[in-house]
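As structure tokens, the structure follows; a few thoughts come after it.
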Amino acid sequence: MRWFFRYALLSAAYGSTVLLWTLIPHDHPVPTAAWIVAFVSAFVSFGPAVIMTAIRQRNMVPLSAPPGIVSRTHTVLAWCVSALAAAAVLAVVVTGGLDVPDGQPEIVAGQYVLDNHGSTTPITEAQYTAALAAGQRLFTIGGTVFSLIGAWLLRMTTRMLTTDQARDRSTFPA
């Protein structure tokens, strides 16, 4: 399963690169495919990480489980949710991810506008590009945070499983 952990780290690195790309001022927005790949690859790493963690946790808990193992499982899941929330808030604050304009940037009849449920506001090309980057940044932050938490979850579960196996070998020598 090391390849899966490496994929999650690679996905997080790619998402971080795209996130940094959205922070650099340019005359054109980041290509849509770049941030979509970062967003989708995050769920390809996070979703299976949660499933694999659940399977490994189930395998680590015997039918008559000592209370410590059950509480440790809930502790890992609580830390995962807390870390996901903290990382998302930190990323949004650091990158200014909440600076999303009031509306969707569009080009209507050759003019740059923000469309807010049918109400359009004319804007400049620079504001249009900044609004596109802000939207891309928000999606990329989410994808990158999910990739990082998926990698962290895999790492923690693997460590717990290794510790349990070592404990079982020392308790019940073959």
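The values are calculated or read from the model by the stated rules, or taken from the named source; none is laboratory data. The structure presented is a predicted model; accordingly, all values stated were derived computationally and were not measured. So basically every Cβ, Gly included, is an ideal-geometry build from the backbone, and we count neighbours across all protein chains shown. Just so you know, the surface numbers come from the protein's heavy atoms only, side chains and all, with ligands and any DNA or RNA stripped out. Shrake-Rupley method; radii C 1.70, N 1.55, O 1.52, S 1.80 Å.
Taking a 1.4 Å probe, which of D115, D102 shows the most accessible area, and what order do the others take after it?
Solvent-accessible surface, decreasing: D102, D115.
Between V89 and I24, the contour length at 0.36 nm per residue exceeds the Cα-Cα span by 21.3 nm. Distance between the modelled labels on I55 and T163, one decimal in nanometres: 2.3 nm (7 Å Cα→Cβ projection).
Extending 7 Å from Cα along the Cβ direction at Q104 and again at S119 yields two label points whose distance is 1.7 nm. Residues L132, L154, L148, L20 ordered from highest to lowest accessible area at a 1.4 Å probe: L20, L148, L132, L154. Accessible-area rank, largest first, for F146, F4, F139: F139, F146, F4, with all protein chains present and a 1.4 angstrom probe. Once both labels are positioned 7 Å from their Cα atoms along Cα-to-Cβ, the gap between F43 and Q111 label points is 3.6 nm.
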